[in-house]
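Chemist: I have a structure I would like to understand better, so I am pasting it below and will then ask my questions one at a time.
The values are calculated or read from the model by the stated rules, or taken from the named source; none is laboratory data. What you see is a predicted model; the values in this text were computed from it and never measured. Cβ coordinates were reconstructed from backbone atoms using ideal geometry, including for glycine residues, and neighbour counts include every protein chain displayed. Heads up: the accessible areas ignore ligands, DNA and RNA and are worked out on the full protein's heavy atoms, side chains in. Shrake-Rupley method; radii C 1.70, N 1.55, O 1.52, S 1.80 Å.
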Amino acid sequence: MATKKVTVTIPEDLLDEIRADAAERGLSAYVAEALRFKRDRDRLLELVDWLQEEHGPVTEDEHAAALVELDELDAEHERRRTAAQHNAGEAA
């Protein structure tokens, strides 16, 4: 993947924190990941705005149902992660 060097200005205290968090993978990788995350979040917010224009705002019941579904997905993800770790331990 092609890369390009750019110059940005970041508050010094934030940069110190980021460097500490990004030590192993590097500052550039950390910043690129953060920018991708921000870009993806902005796109999702645009989608939400469009969907609400098309279909109206989300109701409290719909919101509650979505939260329940997310909790169920998180629980399933945790079960799979735990099982994978368990299986990896048996293989070792």
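Chemist: Answer with yes or no whether residue 88 is open to solvent by less than 90 Å² (accessible area, probe 1.4 Å) and in a loop (DSSP other than H, G, I, E, B).
Modeler: No.
Chemist: Of the residues that sit in the range 21-61 and are closer than 30 Å to residue 5 by Cα and of a type in the set (Ser, Thr, Tyr), which one is surrounded by the most Cβ atoms within 10 Å (Cβ to Cβ)?
Modeler: Only one residue fits best here, namely 30.
Chemist: Okay, moving on. Does any residue of the range 59-69 turn out to be more than 21 Å from the chain's Cα centre (by Cα) and outside any helix (DSSP H, G or I)?
Modeler: Yes: the range 59-69 contains one or more residues that are more than 21 Å from the chain's Cα centre (by Cα) and outside any helix (DSSP H, G or I).
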